[in-house]
1. Looking at region 139-148, which of its residues are free of Cβ contacts under 8 Å to residues at least 12 places away in the same chain and in contact with a helix residue (DSSP H, G or I) (Cβ under 8 Å, 6 or more places away or on another chain)?
2. Just checking, does region 54-76 include any residue being within 20 Å of the chain's Cα centre (by Cα), surrounded by fewer than 15 Cβ atoms within 10 Å (Cβ to Cβ) and under 20 Å from residue 178 (Cα atoms)?
3. Identify, from the list 302, 260, the residue that is surrounded by fewer than 19 Cβ atoms within 10 Å (Cβ to Cβ) and touching a strand residue (DSSP E or B) at 6+ places or on another chain (Cβ under 6 Å).
4. For region 104-112, check the following and say yes or no: at least one residue is buried (at least 17 other Cβ atoms within 10 Å of the Cβ), within 15 Å of ligand 1 (Cβ to nearest atom) and at pLDDT 95 or above.
5. For region 171-188, which residues satisfy the criterion of being buried (at least 17 other Cβ atoms within 10 Å of the Cβ), in contact with a helix residue (DSSP H, G or I) (Cβ under 7 Å, 6 or more places away or on another chain) and at pLDDT below 95?
6. Among (1) over 12 Å from residue 114 (Cα atoms); (2) modelled with pLDDT of 95 or more, there is one condition residue 127 misses while meeting the rest; what is its number?
Ligand SMILES: Nc1ncnc2c1ncn2[C@@H]1O[C@H](COP(=O)(O)OP(=O)(O)OP(=O)(O)O)[C@@H](O)[C@H]1O
Ligand SMILES: [Mg+2]
(Lines give C-alpha, C1' and ligand atoms only; values in the text may rest on other atoms or scores of the structure.)
(Ligands and ions follow the chains in the order given, each with its own letter.)
Protein backbone atom coordinates (compact mmCIF):
# COMPACT_ATOMS: atom_id res chain seq x y z
CA UNK A 1 0.00 0.00 0.00
CA UNK A 2 1.21 3.47 -0.80
CA UNK A 3 1.12 6.48 1.53
CA UNK A 4 -1.24 8.35 -0.75
CA UNK A 5 -3.75 9.25 1.99
CA UNK A 6 -1.62 9.39 5.09
CA UNK A 7 -1.52 13.16 5.55
CA UNK A 8 -2.93 14.28 8.90
CA UNK A 9 -6.07 16.39 8.74
CA UNK A 10 -8.15 17.57 11.66
CA UNK A 11 -11.90 17.38 11.16
CA UNK A 12 -14.15 16.86 14.20
CA UNK A 13 -12.56 17.07 17.62
CA UNK A 14 -11.47 13.54 18.52
CA UNK A 15 -12.68 13.95 22.09
CA UNK A 16 -16.08 15.31 21.11
CA UNK A 17 -19.07 13.72 22.79
CA UNK A 18 -20.60 10.69 21.09
CA UNK A 19 -24.07 11.47 19.79
CA UNK A 20 -24.65 8.09 18.15
CA UNK A 21 -23.01 4.76 18.84
CA UNK A 22 -24.10 1.60 17.08
CA UNK A 23 -22.49 -1.62 18.22
CA UNK A 24 -22.88 -4.75 16.08
CA UNK A 25 -26.49 -3.95 15.22
CA UNK A 26 -28.38 -6.70 13.39
CA UNK A 27 -31.84 -6.68 11.88
CA UNK A 28 -33.20 -9.45 9.71
CA UNK A 29 -36.39 -9.60 7.62
CA UNK A 30 -37.11 -13.26 6.93
CA UNK A 31 -33.92 -14.46 5.31
CA UNK A 32 -32.75 -10.92 4.39
CA UNK A 33 -30.14 -9.52 6.77
CA UNK A 34 -31.02 -5.83 6.33
CA UNK A 35 -28.41 -4.92 8.94
CA UNK A 36 -25.70 -7.51 9.43
CA UNK A 37 -23.55 -6.27 12.30
CA UNK A 38 -23.27 -2.50 11.91
CA UNK A 39 -20.96 -0.56 14.21
CA UNK A 40 -20.66 3.19 13.83
CA UNK A 41 -19.95 6.23 15.97
CA UNK A 42 -20.99 9.81 15.22
CA UNK A 43 -19.50 12.56 17.35
CA UNK A 44 -20.91 15.97 18.19
CA UNK A 45 -20.59 18.45 15.36
CA UNK A 46 -19.75 15.87 12.71
CA UNK A 47 -21.48 15.39 9.39
CA UNK A 48 -21.38 11.70 8.58
CA UNK A 49 -22.60 10.35 5.26
CA UNK A 50 -23.89 6.80 4.88
CA UNK A 51 -23.89 5.73 1.29
CA UNK A 52 -25.05 2.54 -0.34
CA UNK A 53 -27.04 1.10 -3.18
CA UNK A 54 -30.75 0.50 -3.09
CA UNK A 55 -31.54 -2.24 -0.57
CA UNK A 56 -28.20 -1.88 1.25
CA UNK A 57 -29.92 -1.24 4.59
CA UNK A 58 -29.77 2.56 4.86
CA UNK A 59 -33.39 3.19 5.79
CA UNK A 60 -33.41 0.24 8.17
CA UNK A 61 -30.45 1.83 9.92
CA UNK A 62 -32.28 5.15 10.26
CA UNK A 63 -35.45 3.43 11.47
CA UNK A 64 -33.45 1.59 14.14
CA UNK A 65 -31.84 4.86 15.21
CA UNK A 66 -35.12 6.64 15.80
CA UNK A 67 -36.73 3.60 17.38
CA UNK A 68 -39.24 2.94 14.59
CA UNK A 69 -37.60 -0.44 14.16
CA UNK A 70 -36.17 -2.70 16.85
CA UNK A 71 -32.77 -4.26 16.26
CA UNK A 72 -32.62 -8.06 16.70
CA UNK A 73 -29.30 -7.72 18.48
CA UNK A 74 -26.57 -5.20 19.17
CA UNK A 75 -26.80 -1.87 20.97
CA UNK A 76 -27.77 1.65 19.95
CA UNK A 77 -26.77 4.58 22.12
CA UNK A 78 -28.10 8.09 21.51
CA UNK A 79 -26.32 10.77 23.54
CA UNK A 80 -24.97 8.01 25.76
CA UNK A 81 -28.36 6.37 26.43
CA UNK A 82 -28.99 2.82 25.32
CA UNK A 83 -32.26 2.85 23.38
CA UNK A 84 -32.39 -0.87 22.65
CA UNK A 85 -35.42 -2.51 24.18
CA UNK A 86 -37.09 0.75 25.27
CA UNK A 87 -40.89 0.96 25.15
CA UNK A 88 -42.75 3.41 22.88
CA UNK A 89 -43.32 5.67 25.88
CA UNK A 90 -39.68 5.62 26.94
CA UNK A 91 -38.65 6.36 23.36
CA UNK A 92 -40.76 9.52 23.04
CA UNK A 93 -38.38 11.98 24.78
CA UNK A 94 -35.38 10.42 23.02
CA UNK A 95 -37.04 10.77 19.63
CA UNK A 96 -37.37 14.50 20.23
CA UNK A 97 -33.58 14.65 20.37
CA UNK A 98 -33.57 13.57 16.71
CA UNK A 99 -34.81 15.78 13.88
CA UNK A 100 -35.60 14.17 10.54
CA UNK A 101 -35.79 15.38 6.98
CA UNK A 102 -37.17 13.28 4.14
CA UNK A 103 -36.99 12.92 0.37
CA UNK A 104 -40.64 13.97 -0.03
CA UNK A 105 -40.56 16.65 2.71
CA UNK A 106 -43.66 15.29 4.58
CA UNK A 107 -45.17 18.74 5.18
CA UNK A 108 -48.82 19.17 6.20
CA UNK A 109 -50.54 20.74 3.22
CA UNK A 110 -53.43 22.22 5.24
CA UNK A 111 -51.06 24.17 7.48
CA UNK A 112 -49.02 27.24 6.67
CA UNK A 113 -45.24 27.21 6.57
CA UNK A 114 -44.93 28.72 10.07
CA UNK A 115 -47.52 26.30 11.45
CA UNK A 116 -45.60 23.36 9.98
CA UNK A 117 -42.39 24.58 11.59
CA UNK A 118 -44.07 25.31 14.94
CA UNK A 119 -45.89 21.97 15.12
CA UNK A 120 -43.20 19.96 16.97
CA UNK A 121 -43.19 22.66 19.67
CA UNK A 122 -46.79 22.01 20.63
CA UNK A 123 -45.67 18.78 22.27
CA UNK A 124 -43.04 20.76 24.17
CA UNK A 125 -45.83 22.76 25.79
CA UNK A 126 -44.78 26.16 24.43
CA UNK A 127 -47.39 28.91 24.13
CA UNK A 128 -48.58 29.90 20.67
CA UNK A 129 -46.64 33.18 20.82
CA UNK A 130 -43.46 31.33 21.81
CA UNK A 131 -43.98 28.77 19.08
CA UNK A 132 -44.42 31.41 16.40
CA UNK A 133 -41.40 33.34 17.64
CA UNK A 134 -39.25 30.21 17.39
CA UNK A 135 -40.72 29.42 13.95
CA UNK A 136 -39.81 32.92 12.78
CA UNK A 137 -36.22 32.47 13.98
CA UNK A 138 -35.96 29.14 12.17
CA UNK A 139 -37.47 30.48 8.96
CA UNK A 140 -34.91 33.25 9.10
CA UNK A 141 -32.16 30.64 9.52
CA UNK A 142 -33.29 28.77 6.40
CA UNK A 143 -33.89 31.96 4.41
CA UNK A 144 -37.68 31.69 4.15
CA UNK A 145 -38.99 34.50 6.38
CA UNK A 146 -41.14 35.85 3.57
CA UNK A 147 -43.02 32.54 3.20
CA UNK A 148 -44.25 32.21 6.79
CA UNK A 149 -47.91 32.59 5.83
CA UNK A 150 -47.68 30.60 2.58
CA UNK A 151 -48.96 27.04 2.14
CA UNK A 152 -46.60 24.23 1.10
CA UNK A 153 -48.34 23.80 -2.26
CA UNK A 154 -47.12 27.24 -3.35
CA UNK A 155 -43.46 26.41 -2.65
CA UNK A 156 -40.74 24.94 -4.85
CA UNK A 157 -39.11 21.65 -3.88
CA UNK A 158 -36.07 23.42 -2.47
CA UNK A 159 -38.26 25.76 -0.42
CA UNK A 160 -40.27 22.81 0.89
CA UNK A 161 -37.08 21.13 2.02
CA UNK A 162 -36.02 24.36 3.77
CA UNK A 163 -39.30 24.24 5.68
CA UNK A 164 -38.59 20.59 6.44
CA UNK A 165 -35.18 21.54 7.83
CA UNK A 166 -36.64 24.38 9.93
CA UNK A 167 -39.27 21.99 11.33
CA UNK A 168 -36.64 19.34 12.08
CA UNK A 169 -34.63 21.89 14.07
CA UNK A 170 -37.60 23.30 16.00
CA UNK A 171 -37.14 21.19 19.13
CA UNK A 172 -33.37 21.83 19.14
CA UNK A 173 -32.39 18.23 18.39
CA UNK A 174 -28.96 16.79 19.11
CA UNK A 175 -28.96 14.96 15.81
CA UNK A 176 -30.38 15.65 12.37
CA UNK A 177 -31.13 12.54 10.33
CA UNK A 178 -31.49 13.03 6.61
CA UNK A 179 -32.90 10.18 4.52
CA UNK A 180 -32.26 11.07 0.86
CA UNK A 181 -33.29 14.67 1.58
CA UNK A 182 -32.00 15.97 -1.75
CA UNK A 183 -32.89 13.02 -3.98
CA UNK A 184 -36.03 14.68 -5.34
CA UNK A 185 -34.28 17.98 -6.10
CA UNK A 186 -32.44 19.22 -9.19
CA UNK A 187 -28.64 19.59 -8.94
CA UNK A 188 -28.67 23.34 -8.32
CA UNK A 189 -31.32 23.12 -5.59
CA UNK A 190 -29.48 20.15 -4.11
CA UNK A 191 -26.36 22.29 -3.83
CA UNK A 192 -28.25 25.10 -2.10
CA UNK A 193 -29.75 22.67 0.44
CA UNK A 194 -26.33 21.13 1.09
CA UNK A 195 -24.82 24.58 1.60
CA UNK A 196 -27.62 25.30 4.08
CA UNK A 197 -26.98 22.06 5.99
CA UNK A 198 -23.27 22.80 6.19
CA UNK A 199 -24.05 26.34 7.33
CA UNK A 200 -26.36 25.08 10.09
CA UNK A 201 -23.76 22.51 11.09
CA UNK A 202 -21.19 25.30 11.52
CA UNK A 203 -23.50 27.85 13.14
CA UNK A 204 -25.24 25.53 15.59
CA UNK A 205 -22.63 22.78 15.87
CA UNK A 206 -25.42 20.41 14.84
CA UNK A 207 -24.53 16.77 14.29
CA UNK A 208 -25.86 15.41 10.99
CA UNK A 209 -26.17 11.85 9.76
CA UNK A 210 -27.11 11.77 6.13
CA UNK A 211 -28.18 8.79 4.14
CA UNK A 212 -27.77 9.02 0.42
CA UNK A 213 -27.04 7.06 -2.73
CA UNK A 214 -25.30 10.09 -4.28
CA UNK A 215 -21.55 10.42 -3.80
CA UNK A 216 -21.78 14.09 -4.71
CA UNK A 217 -23.81 14.73 -1.54
CA UNK A 218 -21.14 13.05 0.56
CA UNK A 219 -18.36 14.83 -1.32
CA UNK A 220 -19.70 18.30 -0.75
CA UNK A 221 -20.82 18.22 2.90
CA UNK A 222 -19.69 15.20 4.88
CA UNK A 223 -16.64 14.97 7.14
CA UNK A 224 -16.73 11.19 7.27
CA UNK A 225 -18.35 8.55 5.12
CA UNK A 226 -19.42 4.98 5.80
CA UNK A 227 -20.20 2.77 2.83
CA UNK A 228 -22.91 0.19 3.49
CA UNK A 229 -23.44 -2.89 1.36
CA UNK A 230 -25.77 -5.81 2.11
CA UNK A 231 -26.21 -4.62 5.69
CA UNK A 232 -22.50 -4.24 6.43
CA UNK A 233 -20.23 -1.23 6.60
CA UNK A 234 -17.56 -2.18 4.10
CA UNK A 235 -15.53 1.03 4.20
CA UNK A 236 -15.31 4.06 6.45
CA UNK A 237 -13.08 7.09 6.73
CA UNK A 238 -12.61 10.79 6.16
CA UNK A 239 -14.30 11.72 2.93
CA UNK A 240 -11.21 13.00 1.16
CA UNK A 241 -9.20 9.90 2.00
CA UNK A 242 -11.93 7.48 0.90
CA UNK A 243 -12.30 9.42 -2.35
CA UNK A 244 -8.54 9.38 -2.85
CA UNK A 245 -8.13 5.67 -2.26
CA UNK A 246 -11.39 3.71 -2.27
CA UNK A 247 -10.78 0.11 -1.21
CA UNK A 248 -14.07 -1.74 -1.54
CA UNK A 249 -15.33 -2.53 -5.07
CA UNK A 250 -18.73 -1.05 -4.14
CA UNK A 251 -17.06 2.24 -3.13
CA UNK A 252 -15.10 2.29 -6.38
CA UNK A 253 -18.29 1.66 -8.28
CA UNK A 254 -20.24 4.38 -6.41
CA UNK A 255 -17.39 6.79 -7.07
CA UNK A 256 -17.05 5.99 -10.75
CA UNK A 257 -19.50 8.74 -11.71
CA UNK A 258 -17.54 11.55 -10.09
CA UNK A 259 -13.91 10.46 -10.21
CA UNK A 260 -12.01 10.74 -13.51
CA UNK A 261 -12.13 7.44 -15.41
CA UNK A 262 -10.02 6.27 -18.32
CA UNK A 263 -11.83 7.50 -21.47
CA UNK A 264 -13.89 4.73 -23.10
CA UNK A 265 -12.11 5.01 -26.45
CA UNK A 266 -8.78 4.19 -24.83
CA UNK A 267 -10.22 1.59 -22.47
CA UNK A 268 -11.76 -0.22 -25.48
CA UNK A 269 -8.43 -0.76 -27.22
CA UNK A 270 -6.36 -1.50 -24.14
CA UNK A 271 -4.13 -4.57 -24.34
CA UNK A 272 -2.91 -6.25 -21.16
CA UNK A 273 0.46 -7.21 -22.67
CA UNK A 274 1.90 -4.80 -25.22
CA UNK A 275 1.38 -1.64 -27.24
CA UNK A 276 3.00 1.61 -28.31
CA UNK A 277 2.22 3.27 -24.99
CA UNK A 278 1.79 2.08 -21.44
CA UNK A 279 -1.28 3.59 -19.77
CA UNK A 280 -0.92 4.49 -16.10
CA UNK A 281 -3.34 5.83 -13.53
CA UNK A 282 -1.84 8.16 -10.93
CA UNK A 283 -3.55 8.92 -7.62
CA UNK A 284 -2.34 11.50 -5.16
CA UNK A 285 -3.90 13.26 -2.23
CA UNK A 286 -2.99 15.76 0.45
CA UNK A 287 0.53 17.24 0.39
CA UNK A 288 1.67 14.78 -2.31
CA UNK A 289 -0.83 16.38 -4.71
CA UNK A 290 0.39 19.92 -4.10
CA UNK A 291 3.74 19.83 -5.86
CA UNK A 292 4.84 20.38 -9.44
CA UNK A 293 4.90 16.69 -10.25
CA UNK A 294 4.39 16.71 -14.01
CA UNK A 295 6.76 19.60 -14.61
CA UNK A 296 9.41 17.78 -12.59
CA UNK A 297 8.77 14.53 -14.43
CA UNK A 298 9.18 16.33 -17.78
CA UNK A 299 12.45 17.75 -16.64
CA UNK A 300 13.84 14.53 -15.18
CA UNK A 301 12.70 12.34 -18.06
CA UNK A 302 12.06 14.51 -21.15
CA UNK A 303 9.29 13.35 -23.51
CA UNK A 304 8.46 10.51 -21.18
CA UNK A 305 4.69 10.87 -21.05
CA UNK A 306 1.54 12.25 -22.57
CA UNK A 307 -1.28 13.48 -20.33
CA UNK A 308 -4.44 11.61 -21.31
CA UNK A 309 -7.12 12.57 -18.81
CA UNK A 310 -7.75 13.61 -15.20
CA UNK A 311 -7.76 16.50 -12.79
CA UNK A 312 -7.52 17.71 -9.22
CA UNK A 313 -10.56 17.86 -6.98
CA UNK A 314 -10.64 19.64 -3.63
CA UNK A 315 -12.44 17.77 -0.87
CA UNK A 316 -12.44 19.06 2.72
CA UNK A 317 -9.77 21.53 1.52
CA UNK A 318 -7.50 18.65 0.50
CA UNK A 319 -6.34 18.24 -3.09
CA UNK A 320 -7.34 14.82 -4.45
CA UNK A 321 -5.73 14.20 -7.82
CA UNK A 322 -6.30 11.45 -10.34
CA UNK A 323 -4.58 11.43 -13.73
CA UNK A 324 -4.07 9.05 -16.61
CA UNK A 325 -0.87 9.25 -18.63
CA UNK A 326 0.55 7.37 -21.60
CA UNK A 327 4.25 6.44 -21.56
CA UNK A 328 5.92 5.46 -24.84
CA UNK A 329 7.35 1.94 -24.82
CA UNK A 330 9.93 2.33 -27.63
CA UNK A 331 12.56 2.81 -24.89
CA UNK A 332 11.88 -0.36 -22.90
CA UNK A 333 13.31 1.09 -19.66
CA UNK A 334 11.20 4.25 -19.71
CA UNK A 335 7.89 2.98 -18.24
CA UNK A 336 9.62 1.69 -15.14
CA UNK A 337 11.66 4.89 -14.75
CA UNK A 338 8.46 6.93 -14.92
CA UNK A 339 6.71 4.70 -12.39
CA UNK A 340 9.63 4.87 -9.98
CA UNK A 341 9.76 8.66 -10.27
CA UNK A 342 6.05 8.98 -9.51
CA UNK A 343 6.11 6.52 -6.61
CA UNK A 344 9.08 8.34 -5.07
CA UNK A 345 6.89 11.44 -5.05
CA UNK A 346 4.14 9.73 -3.06
CA UNK A 347 1.81 8.85 -5.92
CA UNK A 348 -0.09 5.58 -6.20
CA UNK A 349 0.59 4.22 -9.66
CA UNK A 350 -1.24 1.46 -11.47
CA UNK A 351 -0.48 0.00 -14.89
CA UNK A 352 -3.83 -0.29 -16.65
CA UNK A 353 -2.49 -1.81 -19.87
CA UNK A 354 -1.12 -0.76 -23.24
CA UNK A 355 -2.64 1.44 -25.90
CA UNK A 356 -2.48 -0.61 -29.07
CA UNK A 357 -3.49 2.19 -31.36
CA UNK A 358 -1.56 5.31 -30.55
CA UNK A 359 1.51 5.72 -32.76
N1 LIG B 1 -40.33 -4.20 6.58
C2 LIG B 1 -39.60 -4.99 5.79
N3 LIG B 1 -39.99 -6.25 5.49
C4 LIG B 1 -39.24 -7.05 4.72
N5 LIG B 1 -38.05 -6.70 4.20
C6 LIG B 1 -37.61 -5.45 4.42
C7 LIG B 1 -38.34 -4.53 5.24
N8 LIG B 1 -37.65 -3.37 5.29
C9 LIG B 1 -36.54 -3.55 4.56
N10 LIG B 1 -36.49 -4.79 4.05
C11 LIG B 1 -35.40 -5.37 3.24
O12 LIG B 1 -34.18 -5.06 3.87
C13 LIG B 1 -33.19 -4.66 2.93
C14 LIG B 1 -32.72 -3.25 3.24
O15 LIG B 1 -33.78 -2.33 3.01
P16 LIG B 1 -33.64 -0.76 3.24
O17 LIG B 1 -34.97 -0.15 3.02
O18 LIG B 1 -32.99 -0.52 4.54
O19 LIG B 1 -32.64 -0.38 2.06
P20 LIG B 1 -32.15 1.08 1.58
O21 LIG B 1 -30.66 1.03 1.61
O22 LIG B 1 -32.82 2.13 2.36
O23 LIG B 1 -32.62 1.11 0.05
P24 LIG B 1 -33.15 2.36 -0.85
O25 LIG B 1 -31.91 3.09 -1.28
O26 LIG B 1 -33.82 1.68 -1.98
O27 LIG B 1 -34.07 3.18 -0.01
C28 LIG B 1 -33.84 -4.79 1.56
O29 LIG B 1 -33.50 -6.05 1.03
C30 LIG B 1 -35.32 -4.72 1.87
O31 LIG B 1 -36.06 -5.44 0.90
MG1 LIG C 1 -34.12 3.70 1.84
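1. Applying the first criterion (free of Cβ contacts under 8 Å to residues at least 12 places away in the same chain) to region 139-148 yields 140, 145-146.
Selection gives 145 alone.
2. Yes, the conditions are met somewhere in region 54-76.
3. Values: 302 fails: touching a strand residue (DSSP E or B) at 6+ places or on another chain (Cβ under 6 Å).
The conditions single out 260.
4. In the first step, residues of region 104-112 are kept if they are buried (at least 17 other Cβ atoms within 10 Å of the Cβ); the result is 105, 107, 112.
With within 15 Å of ligand 1 (Cβ to nearest atom) added as a condition, the list becomes none.
No, that holds for no residue.
5. Going residue by residue through region 171-188, those that are buried (at least 17 other Cβ atoms within 10 Å of the Cβ) are 171, 173-182, 185.
Subsequent filtering for residues that are in contact with a helix residue (DSSP H, G or I) (Cβ under 7 Å, 6 or more places away or on another chain) retains 171, 176-177, 179, 181-182, 185.
If the condition is that a residue be buried (at least 17 other Cβ atoms within 10 Å of the Cβ), in contact with a helix residue (DSSP H, G or I) (Cβ under 7 Å, 6 or more places away or on another chain) and at pLDDT below 95, then 171, 179, 181, 182, 185 are the ones that fit.
6. Among (1) over 12 Å from residue 114 (Cα atoms); (2) modelled with pLDDT of 95 or more, residue 127 violates only (2).
Condition check ((1) within 17 Å of residue 120 (Cα to Cα); (2) in contact with a strand residue (DSSP E or B) (Cβ under 6 Å, 6 or more places away or on another chain); (3) buried (at least 22 other Cβ atoms within 10 Å of the Cβ)) across all residues:
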{"residue": "140", "(1), (2), (3)": "no, no, no"}
{"residue": "148", "(1), (2), (3)": "yes, no, no"}
{"residue": "158", "(1), (2), (3)": "no, no, no"}
{"residue": "161", "(1), (2), (3)": "yes, no, yes"}
{"residue": "164", "(1), (2), (3)": "yes, yes, yes"}
{"residue": "168", "(1), (2), (3)": "yes, yes, yes"}
{"residue": "192", "(1), (2), (3)": "no, no, no"}
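A quick yes/no check of all residues on (1) without any contact (Cβ under 8 Å) to a residue 24 or more places away in the chain; (2) touching a strand residue (DSSP E or B) at 6+ places or on another chain (Cβ under 9 Å):
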| residue | (1), (2) |
| --- | --- |
| 52 | no, yes |
| 69 | no, yes |
| 116 | no, no |
| 121 | no, no |
| 136 | yes, no |
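The values are calculated or read from the model by the stated rules, or taken from the named source; none is laboratory data. No experiment lies behind these values; they were computed from the predicted model shown. When we count neighbours, we look across all protein chains shown, and the Cβ atoms used for this are built from the backbone with ideal geometry, even at glycine.
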